Amino acid sequence: MRFLLALLVVSVVACSSKNLPPVAPEDVQVFMPGVPTPFEYTEVWRSNDSFASKLTDEIIEKAKKEAGKRGADAVLFEEISGNTASGARTREGNVELVGGVVSFSYRVIAVLITKPKY
């Protein structure tokens, strides 16, 4: 688990591209995979690497903290792919359980909200 958090931090630091004022972590909104965003946004950074894990509170809070440091006011977790224990692959949240464990790979995207979509 610590390795995954370290990978997340390294990816975030490597992808930072804009000098924006920091945002408090508690003010950073989180959008899980498959949840449409109700706003238009500008991407602040995108992790180059994916990480495979459950999206635990610890990972989410770490992503909010790192995104806030870079001036992002929202974090999008993008599901890249998933695997079942049987080796079957899935994309975009379409999971077929074949008597096994499911694991997913995610990418972290930090964004600056520009305006509501609606």
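Every listed requirement among (1) within 22 Å of residue 19 (Cβ to Cβ); (2) at pLDDT below 80; (3) of a type in the set (Lys, Arg) is met by residue 54 save one, (1). Looking for something at pLDDT 70 or above, outside any strand (DSSP E or B) and under 19 Å from the mean Cα position of the chain (by Cα) - is there at least one such residue anywhere in the range 103-110? The answer is no, given that none of the residues of the range 103-110 is at pLDDT 70 or above, outside any strand (DSSP E or B) and under 19 Å from the mean Cα position of the chain (by Cα). Applying the criterion of being under 11 Å from the mean Cα position of the chain (by Cα) and outside any helix (DSSP H, G or I) to the residues of the range 61-81, the residue that is surrounded by the fewest Cβ atoms within 10 Å (Cβ to Cβ) is 80.
Here the range 6-32 is the region considered, the condition is being of a type outside the set (A, V, I, L, M, F, W, C) and within 24 Å of residue 104 (Cα to Cα), and the residue that is modelled with the lowest pLDDT is 11. Restricting the first member to the range 54-79 and to residues that are on the phi < 0 side of the Ramachandran plot, and the second to residues that are surrounded by fewer than 19 Cβ atoms within 10 Å (Cβ to Cβ) and hydroxyl-bearing (Ser, Thr, Tyr), the beta-carbon pairs closer than 6 Å and six or more apart or on different chains are 70/16. Confirm whether residue 35 is touching a helix residue (DSSP H, G or I) at 6+ places or on another chain (Cβ under 6 Å), at pLDDT below 95 and of a type in the set (A, V, I, L, M). So residue 35 does not fit the description; no.
The values are calculated or read from the model by the stated rules, or taken from the named source; none is laboratory data. Values in this document were obtained by computation on a predicted structure and should not be read as measured data. For neighbour counting, all protein chains shown are included, and Cβ atoms are generated from backbone atoms with ideal geometry for every residue, glycine included.
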